[in-house]
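> Below: one structure in C-alpha cells.
The values are calculated or read from the model by the stated rules, or taken from the named source; none is laboratory data. Everything quoted here is computed from the prediction, not taken from an experiment. Note that each Cβ is placed from the backbone with ideal geometry, even for glycine, and that neighbours are counted across all protein chains shown.
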Amino acid sequence: MIKKIITLTRAQKASILLFVDVLLVPLAFLATMLLKGTRAEALIASVLLNHWLLLPVLMGAAALLSAVFGLNRLKLKEYEGDAVARSMLVAAVLGILSAAFSKVTGAGLSGGFHVIFALVYFAAYFGTRQVMVWLLTQMYRRSRIFTRVAIYGAGRTGMALARELRKVEGLVVYAFLDDNATLAGMNANGLPIYSGVHAGLLRDRFKINRVILAMPSVSVDKQTFITKRLDKLGLEVQTLPAFSQLHGGDELMSRLVPAGPAALLMRDPLNEALTTGCSAYRGANVMITGAGGSIGLELCRQVIGCRPARLVLFELSEIALYNAEAEMHVLAESFGVEIIPVLGSICDGVHVSQVIERNAIAVVLHAAAYKHVPLVEMNPRVGLANNTLGTAVLAKAARDAGVKRFVLVSSDKAVRPGNLMGASKRFAELVIQDLAARAPKTIFSIVRFGNVLGSSGSVIPLFQQQIARGGPVTLTDEKVTRYFMTIQEASRLVLLAGSFAEGGEVYVLDMGKPQRIGDLARRMIAASGYTVRDDGNPNGDIEIVVTGLRPGEKLHEELMVRKGAQATAHPKIIRVREDHLSELETAAALRDLRDAVERGSDAEVISVVARAVREYDPQSLPKSALQCRIVEAQHAADVPAE
C-alpha cells in the first residue's frame, strides 16, 4: 500500500492534489456556516436548498485557479514562500467571487461570511498541505526504497543543502549532525540537530543510510576522521567541496562527491584488509612522535582503538599538540586510555630519554620529520639535523631504555633518493638498520609510504584549494607518477609492521600501479563538477598549468632498491631486505654529519650525505651560489657512479 502511494506518477499526484483543492471548498463553506451560528442539524439542508448553485461555481473556480497557479503540480515539500502566497491569493479570489455571486443571486449571505470563508479556506488549504507532508514523510521513513540522509554541519552550507535536498525525489533529510555542543537539541529548517558523537543513535532511530558532510571550512584531516568514524557505523558518506557554497540549486547538488581522498585511488582501499594487529599495543605504553601531523594523528586514532594503557603525544609544534590532545581526549574517554601531551624536539636527547623512562614506553612509532621536498632542499642543514640526527637520538634513547618495539615511518623517496628529503630519510633508515643488528632488547623496523592522500602538503589539499579559487591547477610535469595510499592504509601498515617485525626489516604496501598526477588532477576537477580548459575544450572551467619539476623532484618514485622482495603474513605487505652500512661506517657518518651541522655548513652536510647514502642522485640543477657549493662538495666526496 505504502509503495503504491509513494510511487505514483507526477500526473496522478497532480490529480489528487487538484481533487483535494476542490473538496476543500464545500468543507470550508460548511465550517463557515457553523461559525456563523447555523445549527448542525440544519446545515446540510440549508446548503442544498439555498446555495446549490454557488458551491459548484466556487468548486470550479478553485480547480481553475489551482491549475493556473500551478499549485496542484507543486511538490508537497516545495509548499513554502511563494507557494503559500499563491494559495492566499486563491482563497481571496474565492471569497470575492462568493460575495459577488451571492449579491447577484440574492443568496442572503452577509459580507462577513465571505471574509470568514476565505480565511477558513486558506487555513484548511495550508493545514491540509502540512498534514500531507507529514504523512508522506512517515511513509518514506517506513519505506526501504528511499534514501535517508543526515547532514553533518548545521552552518550556512548545511542549511542551503537541506533546502535543495527537499526538492530531490526519493530522498528524505531527517536531521543535522554538528560538533558544536551549543547547537545540540535545537532545530534548524524544521530538522533536529544532534551532536556528532550521536551519529549511531541517529542511524538507529531514523534508519539513516547516508551522511553528507557540509563543512567546507573544516580541515581535510578532520573530515577524514569524521568520514572514517561514520564508515565504521556502516553509513555512506559524501562531501560538499568548499567552493560549492557559492552556488545554489542544482549547482549545489551537482557538487556532491564521495567523501574522503580514498575515492581518488582508482583501486579498492585496503582498510578492511589491513587488520590493525592490536595485540602489540593493547595494554602497552605507546609514544608517537609527530603526533600532531597528518600521519601522527591517524596513528593516534588507530592506537587508541587498540586500548593501550597510555598514549604519549610527542610534538614540536605547540598548536599541533594542542589540537591533537583535544581530539585524543574525546576518543580516549570511551577507551579508558591515559593521554600524555609532550612538547619537544626529537633532537633533544636528554628530554627524549626522560620522557621514555618516565612513561615506561614499550612502543615508539616515529612519524616526526620534515617531509616537504623543496623546503628541505633549500634548508639542508636543518632537514638533515631533524630527519637523520633526530632519528638517531630517538632510536638510541629507545634502545637504552629497553623499548620493545620501534617503528620508523619512512618514504618511497628514500629509494635511490633524488633530493635531500629522500636522502635524509634513507640516512635515517641506515641508522635504524644498524641499531637493529645489535639491539637484542628492541625490535627496530621501517615502513615506507608512497604519497599519502590528504596529508598536509600533499597534492590533494593543494588541488582542492586551486580548484576552489577557480584555477589554474599547477602540475610540475605531465609525466610525473606516484604511488598513492590513504592515511588509514598508511597508519594501519605502521601498526601491522610494528606487530610482526622481527628486526631490521623494511616494509612496503602493495599499492598497485603508480598513478599519473595529471590524471589525478583531471579526476578531481571532474569530481568537483567542472571541466578542464585546454586546446580541445577552450570553454572549459579550470586550466591545468605545467610549471616544471621542483628542486630535487623525480619523475617516478620507487618502493625498493633490491629485487627479491619477500611475502609476509599479510598478502598486501611486502618485506624488503636492503643493504646497509657497517657499524663503523654508520658511526663515522653520524659523527661527520653532527660535526657538519654544528659548524653550520650546508655544503659539508650534503658532502656527508653523498658519502653515506651512496645511491643519492640529486635531480635539481645548481642555480645559486649555495647549490654550486653543494655540487662541488658532492664531487669532492668522490661518490661512485652508478
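> Any residue in the range 481-508 that's small (Gly, Ala, Ser): show its pairings with residues that are at pLDDT below 80 at Cβ separation under 6 Å, as long as the two are six or more apart or on different chains.
Ala490/Phe449; Ala490/Val452; Ser499/Gly277
> Is the range 425-439 home to any residue that is surrounded by fewer than 24 Cβ atoms within 10 Å (Cβ to Cβ), in a strand (DSSP E or B) and modelled with pLDDT of 80 or more?
No.
> Another question, then. Across the range 459-495, which residue is nearest to Ile446 (Cα to Cα) among those that are outside any strand (DSSP E or B) and of a type in the set (Val, Ile, Thr)?
The selected residue is Val494.
> Report, by residue number, each residue of the range 286-312 that is in contact with a Cys (Cβ under 7 Å, 6 or more places away or on another chain) and surrounded by fewer than 24 Cβ atoms within 10 Å (Cβ to Cβ).
The answer is Cys306, and nothing else.
Residue-wise test of (1) on the phi < 0 side of the Ramachandran plot; (2) small (Gly, Ala, Ser); (3) modelled with pLDDT of 95 or more; (4) not assigned by TED's automatic domain parsing to the domain that holds Phe225.
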| residue | (1), (2), (3), (4) |
| --- | --- |
| Val330 | yes, no, no, yes |
| Val342 | yes, no, yes, yes |
| Arg358 | yes, no, yes, yes |
| Val364 | yes, no, yes, yes |
| Ala395 | yes, yes, yes, yes |
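> Also, quick follow-up: Could you tell me whether any residue of the range 472-479 is closer than 30 Å to Gly305 by Cβ and surrounded by fewer than 24 Cβ atoms within 10 Å (Cβ to Cβ)?
No.
> When the residues of the range 500-542 are narrowed to those that are part of a helix (DSSP H, G or I), at pLDDT below 80 and small (Gly, Ala, Ser), which ends up surrounded by the most Cβ atoms within 10 Å (Cβ to Cβ)?
Ala527
> Kindly evaluate Val403 against the criterion of being at pLDDT 90 or above, farther than 22 Å from Thr547 by Cβ, part of a loop (DSSP other than H, G, I, E, B) and not acidic (Asp, Glu).
yes
> Every residue in the range 97-135 that is more than 30 Å from Tyr174 (Cβ to Cβ) and among the β-branched types (Val, Ile, Thr), please.
Passing the criteria: Val104, Thr105, Val115, Ile116, Val120.
> What's the total number of residues in the range 75-110 that are in a helix (DSSP H, G or I) and either buried (at least 18 other Cβ atoms within 10 Å of the Cβ) or not β-branched (Val, Ile, Thr) (or both)?
Of the residues in that region, 22 qualify.
> Quick one: what pairs do we get from the range 68-81, first residue within 17 Å of Leu171 (Cα to Cα), second outside any loop (DSSP other than H, G, I, E, B) and at pLDDT below 75, C-beta under 8 Å, 6+ apart or different chains?
Pairs found: Leu76/Leu136.
> Looking only at residues that are crowded, with 16+ Cβ neighbours inside 10 Å, assigned to a loop (DSSP other than H, G, I, E, B) and of a type in the set (A, V, I, L, M) in the range 164-214, which one is modelled with the lowest pLDDT?
My answer is Ala184.
> Now a separate question. For Lys413, all conditions in the list (1) farther than 18 Å from Glu615 by Cβ; (2) buried (at least 24 other Cβ atoms within 10 Å of the Cβ) hold save one; what is the number of the exception?
Going through (1) farther than 18 Å from Glu615 by Cβ; (2) buried (at least 24 other Cβ atoms within 10 Å of the Cβ) one by one, Lys413 breaks only (1).
Each row is one residue, and each column tells you yes or no for (1) at pLDDT 55 or above; (2) surrounded by 14 or more Cβ atoms within 10 Å (Cβ to Cβ).
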position: Lys554; (1), (2): yes, yes
position: Lys572; (1), (2): yes, yes
position: Asp579; (1), (2): yes, no
position: Val597; (1), (2): yes, yes
position: Ser601; (1), (2): yes, yes
position: Val609; (1), (2): yes, yes
position: Ala612; (1), (2): yes, yes
position: Pro618; (1), (2): yes, yes
position: Ile630; (1), (2): no, yes
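> Only one of (1) more than 21 Å from Arg148 (Cβ to Cβ); (2) at pLDDT 70 or above fails for Ser219. Which number is that?
The one condition Ser219 does not meet is (2).
> Separate question: Of these, Val382, Val415, which one is of a type outside the set (Phe, Trp, Tyr) and touching a residue at least 60 places away in the same chain (Cβ under 8 Å)?
So the residue among Val382, Val415 that is of a type outside the set (Phe, Trp, Tyr) and touching a residue at least 60 places away in the same chain (Cβ under 8 Å) is Val415.
> State whether one or more residues within the range 320-330 are buried (at least 22 other Cβ atoms within 10 Å of the Cβ) and farther than 17 Å from Arg229 by Cα.
Among the residues of the range 320-330, not one is buried (at least 22 other Cβ atoms within 10 Å of the Cβ) and farther than 17 Å from Arg229 by Cα, which makes the answer no.
A quick yes/no check of all residues on (1) charged (D, E, K, R); (2) within 22 Å of Asp595 (Cα to Cα):
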{"residue": "Ile346", "(1), (2)": "no, yes"}
{"residue": "Val355", "(1), (2)": "no, no"}
{"residue": "Arg358", "(1), (2)": "yes, no"}
{"residue": "His372", "(1), (2)": "no, no"}
{"residue": "Asn387", "(1), (2)": "no, yes"}
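> Answer yes if at least one residue in the range 359-373 is closer than 24 Å to Arg307 by Cα and surrounded by fewer than 17 Cβ atoms within 10 Å (Cβ to Cβ), and no otherwise.
yes
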